[in-house]
1. Please report the Cα spread of segment 22-70 along all three principal axes, rounded to whole Å, starting with the longest.
2. Using a Förster distance of 41 Å, how high is the FRET efficiency between residue 183 and residue 30, based on the Cβ-Cβ distance and rounded to 0.05?
3. If each residue's Cβ is checked for other Cβ atoms within 10 Å, how do 146, 192 rank with the fewest at the top?
4. Enumerate the residues in segment 294-334 having an amide nitrogen under 16 Å from the point lying 7 Å beyond the Cα of residue 73 toward its Cβ.
5. Based on the Cβ-Cβ distance from residue 354 to residue 87, what FRET efficiency comes out when R0 is 30 Å, to the nearest 0.05?
6. Rounded if a/c is under 1.5, else prolate if a/b is larger than b/c, else oblate: which is segment 258-326, with a ≥ b ≥ c the root eigenvalues of its Cα gyration tensor?
7. Label segment 187-242 by shape, choosing from rounded, prolate and oblate, from the square roots a ≥ b ≥ c of the eigenvalues of the Cα gyration tensor; if a/c is under 1.5 it is rounded, and otherwise prolate applies when a/b is larger than b/c, oblate when it is not.
8. Quick one: 181, 370, 79, fewest Cβ neighbours within 10 Å first, how do they rank?
Ligand SMILES: [Zn+2]
């Protein structure tokens, strides 16, 4: 099977025309323009889009475009929504999220799964995933009968589909995991080279809680009977762990809304990556996200939607548009790398290159692909990568199989592809 496109995105600023040869679900060769089985024409053909932060079990309609009350009230609302939905409702929500992701050209997600609902919804899905088991513990002990290492082993050992799924850990945030438990978990992740992801510096009050033990974060903890004094590290979460040499290098910093330049330097020096969720960020009416500073400090930045409940959608193309509006100074190629190459290079440097490949359309990569149209009305002097931000997903493939070619103006011959 040879697929031709006018613009193959391999990570460079100026995508060039060419053909991909797909064999046994993988990219076998990249060829110059010529005869093909399927000519996609004026599209960007890139590796499949990766949503680097999502809560699939929160794939629910949001009530308004921006948060109606405080962040703390919103968090309480999430707990309440999960309780009302029950096990069945949460699995159904996750199924909806999977369908919406696939129809928007997302071929892989990094999902935070508190109690196994996404995991169940994803069981027979084509969508590739890193499933992070969420840990919340306001107690100094994680569990009375199991060590953190045993809890991790139980979850990680469960994977039934290693070709599509990786298991990982998500200590929810510095304020919902007791510092003792957090240190234990970080130690385990480092020893086992286990991937982790944590919501860091999401709310403004996190810093005050961790440096002074006071503020809205302290009040939040008191409501749950916890002693905020235990959380007083005297420093930010990242700087504290960095100073102790305990910042495991296999992780993802989610949000980092209030991280300082120094913290971004520490994130980069520890080989960690940052996930920015621009649409969700807008929903919470937060001040401008420091992603441009992070990039300047050498941090690899990826994009995520966060839950549909706050983002309002699960489209990575929409997320790139939100990022473009928020930070016009970021080059279009960097926005594309955030959803194709960066998540994959993070996986690869942590020993998991086979799950999603390189994202640079290299021979041997799985044929997880997406074709995004370039609108006819785009300006002549606009680069194809910039113009395609306003385009739409024309088709998407996972392991060389067509997942979605339903766009009405799609010129993809799905029948021929399926015969391959
Ligand atoms: Zn989140």
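Readers should treat all values here as calculations from the given coordinates under stated rules, not as data from a laboratory. These figures come from a predicted structure and were not determined experimentally. Heads up, the Cβs are rebuilt from the backbone with ideal geometry, glycines too, and the neighbour counts pull from every protein chain shown.
1. Computed over the Cα atoms, the extents are 57, 25, 15 Å.
2. Result of the calculation: an efficiency of 0.35.
3. Least crowded to most crowded, the residues run 146, 192.
4. Of the residues in segment 294-334, none has backbone N under 16 Å from the label point off residue 73.
5. On the way: r = 33 Å, r/R0 = 1.09.
The calculated FRET efficiency here is 0.40.
6. prolate
7. Prolate is the answer for segment 187-242, as a/c is 1.5 or above and a/b outweighs b/c.
8. Listed from fewest to most nearby Cβ atoms, that is 79, 181, 370.
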